[in-house]
Every structure is written in structure tokens, then in C-alpha cells.
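Notes to accompany the following structure.
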Amino acid sequence: MSAGMRSGQVAEAAGVNLQTLRYYERRGLLAEPERSNGGHRLYGEDAVTALRVIKAAQRLGFTLDEVAELLEAGRHRHGRPVAGLQERAAAKLAEIDAKIADLATIRTALATAVEAGCDDLTLCGSSPCCPIPFTDLAEENRHAGTCR
């Protein structure tokens, strides 16, 4: 691809839709593109790269605000590593580990409910032997055993 791609070409090359491209541009995540004599936006190859980086960062769990901060830090790095990326990645990793732990707790509770034969949410929820910890799903081992 050469410099001077139009919006649709950039969006397609980056695997995003045109509205996403425009939204990122409005948020300042993408540099303002040049304009053709006819007023069409013309982007360079760097716009495709930037879009791919933004989408990859989102898939890793970063919010658009966090991505914007990281991109801004990267613009001012002058050949040095991006300040804060290690810290932000470590914090994001901790968030993901916490989510995984929560999901494991939820999975265990649901598997226990299936194993216990729970079939009625209201009856199960009102039973002291209910294996589903309705009041606090994050609390592990709320019910040591099941009752049938």
C-alpha cells in the first residue's frame, strides 16, 4: 500500500469499519489525515499500523483511554521505551488474573449446582443447602458440602 489511501481502504486494510476509523480520529487516537484537492481524507501506511495497534491493545484489555495515554507517551519517547507500559501491562495482568479467579469460582458454583441437581432457582436460592452462593459469588467454599 502506498501513502494517500482513502478512508475505506485504510479501514479495510486494518480490519475495522469506517465508523471505527472516524471515531478514533475524533478521539485523537489517529493523526489528522491530509486532504485531497477534492476534500477526501488521505492516510499513510502509519494509519493502518496505528489502527492495528489500537485494536490489539483493546484485545489485551486496555480501554481506549488507556490506549490514548500509551500512544501519547509513545509520541514523546524519542527512541526510548514507552514510560509506563510495563506498569500498565503488569496492572492489566493482575486484573486478568482476578477475573480468571472469579470465573473459576463461578464455574465451580455452577458445576456444583449441576451436580446437585438444582432445577429451580427460587427453591434452590431459598434453601440453606443451595450450592450456589447467591449472596457473594466471589466467596469460595461457602458451602462445604451439598445436601439433597
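A single entry from Glu34, Glu66, Glu72, Glu25 fulfils the requirement of being farther than 24 Å from Glu12 by Cβ and modelled with pLDDT of 90 or more: Glu66. Scan segment 117-127 and give yes if some residue there is outside any loop (DSSP other than H, G, I, E, B), surrounded by 13 or more Cβ atoms within 10 Å (Cβ to Cβ) and either modelled with pLDDT under 90 or not assigned by TED's automatic domain parsing to the domain that holds Leu21 (or both), otherwise no. Looking through segment 117-127, at least one residue is outside any loop (DSSP other than H, G, I, E, B), surrounded by 13 or more Cβ atoms within 10 Å (Cβ to Cβ) and either modelled with pLDDT under 90 or not assigned by TED's automatic domain parsing to the domain that holds Leu21 (or both). Taken together, Val53, Val48 contain a single residue that is outside the structural domain of Leu93 (by TED's automatic domain parsing) and buried (at least 18 other Cβ atoms within 10 Å of the Cβ), which is Val48. With the condition kept exactly as written, say whether any residue in segment 81-100 is outside any helix (DSSP H, G or I), exposed (fewer than 11 other Cβ atoms within 10 Å of the Cβ) and either in the same structural domain as Met5 (by TED's automatic domain parsing) or without any contact (Cβ under 8 Å) to a residue 24 or more places away in the chain (or both). Yes, segment 81-100 has at least one match.
Does Gly74 satisfy the criteria of being within 30 Å of Asp97 (Cα to Cα) and surrounded by 12 or more Cβ atoms within 10 Å (Cβ to Cβ)? In short, yes.
For the structure I just gave you, tell me whether Ala13 is over 19 Å from the mean Cα position of the chain (by Cα) and in the same structural domain as Val67 (by TED's automatic domain parsing). For Ala13, the condition - over 19 Å from the mean Cα position of the chain (by Cα) and in the same structural domain as Val67 (by TED's automatic domain parsing) - is met. The listed residues are Glu25, Glu69, Glu45, and the only one of them that is without any contact (Cβ under 8 Å) to a residue 24 or more places away in the chain and over 16 Å from the mean Cα position of the chain (by Cα) turns out to be Glu25. A residue that is aliphatic (A, V, I, L, M) and outside any loop (DSSP other than H, G, I, E, B) occurs somewhere in segment 17-33.
The values are calculated or read from the model by the stated rules, or taken from the named source; none is laboratory data. Bear in mind that the values here come from a model prediction, so they are computed numbers and not experimental data. Virtual Cβ from ideal backbone geometry, glycine too; neighbours counted across all protein chains shown.
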